[in-house]
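What follows is calculated from the coordinates using simple rules that are stated; it is not laboratory data. Fair warning: this is a prediction, and the values are worked out from it, not measured in the lab. Using ideal geometry, Cβ is built from the backbone for each residue, glycine included, and neighbour counts are taken over all protein chains shown.
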Amino acid sequence: MPSVPAAEVPAELSDSVILLDVREDDEWADGHAPGALHIPMVDVPARMTEIDIDAEVYVVCRSGGRSMRVVEYLNQVGFDAVNVIDGMVAWQKCGRPLTADGGGSAKIY
């Protein structure tokens with residue numbers, strides 16, 4: 001399965017480079033990467049039209065389990081998806097930027 005550490009996810013997200021966060025709404029609200037696209041794992045099949053099939057899609061969850069399943073699914077249906085190893089926990093540990101809904105202090109763990 002294509003995978004990269006959090007530190008290797010491109011810093012510049014764009015239409016052609018997407019960070020797809022598949023965590024639940026409450027996890028997202030506590031802290032997420034600026035510019036990430038939020039679609040909870042269970043909603044991915046119904047909301048695939050929101051993901052550009054021509055983009056590089058980096059998929060992240062809290063620790064890597066859910067994102068692995070989503071990467072498998074997306075790659076089976078034609079996407080170029082990559083798992084972010086150890087998820088948002090690794091993202092925070094390596095000092096990548098975080099933001100939180102409501103302007104509060106962002107945290108993952």
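Being within 24 Å of LYS107 (Cβ to Cβ), in contact (Cβ under 8 Å) with a residue 12 or more places away in the chain and touching a Leu at 6+ places or on another chain (Cβ under 6 Å) narrows it down to one residue among VAL70, VAL22, VAL4, VAL59; which is it?
Answer to the selection: VAL59.
Looking at LEU74, is it assigned to a strand (DSSP E or B), surrounded by 14 or more Cβ atoms within 10 Å (Cβ to Cβ) and hydrophobic (A, V, I, L, M, F, W, C)?
So LEU74 does not fit the description; no.
Does GLY102 meet the test of being surrounded by fewer than 18 Cβ atoms within 10 Å (Cβ to Cβ), assigned to a helix (DSSP H, G or I) and either on the phi > 0 side of the Ramachandran plot or among the aliphatic types (A, V, I, L, M) (or both)?
Working: surrounded by fewer than 18 Cβ atoms within 10 Å (Cβ to Cβ): yes; assigned to a helix (DSSP H, G or I): yes; either on the phi > 0 side of the Ramachandran plot or among the aliphatic types (A, V, I, L, M) (or both): yes.
Yes: the conditions hold for GLY102.
Quick check on segment 30-41: of everything there that is outside any loop (DSSP other than H, G, I, E, B) and under 14 Å from the mean Cα position of the chain (by Cα), which residue is nearest to ALA100 (Cα to Cα)? Explain how you work it out, then say what you get.
To start, the set of residues in segment 30-41 that are outside any loop (DSSP other than H, G, I, E, B) comprises 30, 32, 37-38, 41.
Those left that are additionally under 14 Å from the mean Cα position of the chain (by Cα): 32, 37-38, 41.
Working: HIS32: 6, LEU37: 14, HIS38: 13, MET41: 19 Å.
Checked segment 30-41; the qualifying residue nearest to ALA100 (Cα to Cα) is HIS32.
Of all residues in segment 2-21, which are among the aliphatic types (A, V, I, L, M) and either out of contact with any Asp or Glu (no Cβ under 9 Å at 6 or more places or on another chain) or assigned to a strand (DSSP E or B) (or both)?
Passing the criteria: VAL4, ALA7, VAL9, ALA11, LEU13, VAL17, ILE18, LEU19, LEU20.
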